[in-house]
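**Student:** Handing you this structure, nothing more for now.
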Amino acid sequence: MRKDDRISRSFANKTWQEIKVKDSWQIFKIMSEFVDGFEKLAEIGPCVSIFGSARTPNDHKYYQLAVDVARLLAERGYGVISGGGPGIMEAANKGAYEAGGKSVGLNIDLPFEQFHNKYIDRDKLLEFKYFFVRKVMFMKYSQGYIVMPGGFGTMDELFEAITLIQTGKIARFPIVMVGSEYWSGLFEWIKETMLGTHYISEEDLNLYRMVDTAEEAAEHIFRFYDKYLLKPNF
């Protein structure tokens, strides 16, 4: 559907009955996605989500970095959750799959760009229509977040995690940013502007760690749980 057509349809006159019926059915669709996600993901055990761009080619250094991070996590017993699509998401699933670990894909139905990759375990592929339901699954069933370079979708997932941790809505799980050349400008702005204008607190800068290698990224996750004497079977 063209963008102009979607805008025109949004302004089309609808009766109150049409609005109520559509909204009621939409609630059931949303509920079904939550139920399916909760049932499948509750059984997979400790996992780390890896976020990043769908547009990263498989010969890019960040693609290989994501493969390596996922492999290291899987070798220590962690499952890996990705957005299920191409690019960094594929790399994450590939690393977990090749290491014999659990490879989970939370795919989103989009009119372009998104199709699930071949490295997801067949019983661990979930399809979503609603972004907000999908984000709940990432946040609820992850024990840590690895964030590779990406676009608006990656930023949305990153700041969702930071906000939920900052506000105490979820536990303080580790967040690891991979690629200082990509992320440093953003986080310098956060430090200088957001902190400088007192919109965040000094301790909020400790909610994430920036690294450049797969080993550093994985080790930060391992150290976090070693500190609590917890292992991937907790």
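**Student:** What pairs from K61/K124; K135/K191; K40/K140; K40/K61; K94/K169 go past 21 Å between their alpha carbons?
**Tutor:** Cα-Cα > 21 Å for K61/K124; K135/K191; K40/K61; K94/K169; rest within.
**Student:** Using a probe of 1.4 angstrom, how much of the accessible area of the chain is carbon and sulfur, in percent?
**Tutor:** Using a 1.4 Å probe with all protein chains present, the chain comes out at 55 percent carbon and sulfur.
**Student:** Return the FRET efficiency for the residue pair K29, A171: r is the Cβ-Cβ distance, R0 is 25 Å, and the value is rounded to the nearest 0.05.
**Tutor:** That gives a FRET efficiency of 0.25.
**Student:** Here's a follow-up. Over region 142-234, give the accessible area per residue in Å² for a 1.4 Å probe, as an integer.
**Tutor:** 55 Å²
**Student:** Could you sort the peptides 188-198, 214-224 by per-residue average Cβ neighbour count (10 Å cutoff), highest mean leading?
**Tutor:** Final packing ranking: 214-224, 188-198.
**Student:** To test your reading of the geometry: what angle, between 0 and 90 degrees and rounded to tens, separates the Cα axis of helix 214-227 from the longest principal axis of the chain?
**Tutor:** 80 degrees
**Student:** May I ask for the angle, rounded to the nearest 10°, between helix 88-98 and the longest principal axis of the chain, with both axes built from Cα atoms and the value confined to 0 to 90°?
**Tutor:** Orientation of helix 88-98: about 60 degrees from the principal axis.
**Student:** Report the charge-dipole magnitude of the chain in Debye, nearest 20, computed about the Cα centre from +1 at each Lys and Arg Cβ and -1 at each Asp and Glu Cβ.
**Tutor:** 740 debye
**Student:** Okay, next question. Please work out the Cα center distance from region 92-168 to region 50-91, rounded to the nearest Å.
**Tutor:** Taking the Cα centre of region 50-91 as reference, the centre of region 92-168 is 10 Å away.
The values are calculated or read from the model by the stated rules, or taken from the named source; none is laboratory data. Since we're looking at a predicted model, the values are computed, not measured. Please note: Cβ atoms are built from the backbone with ideal geometry, for glycine as well, and neighbour counts cover all protein chains shown. Accessible surface areas use protein heavy atoms only, side chains included; no ligands, DNA or RNA. Shrake-Rupley method; radii C 1.70, N 1.55, O 1.52, S 1.80 Å.
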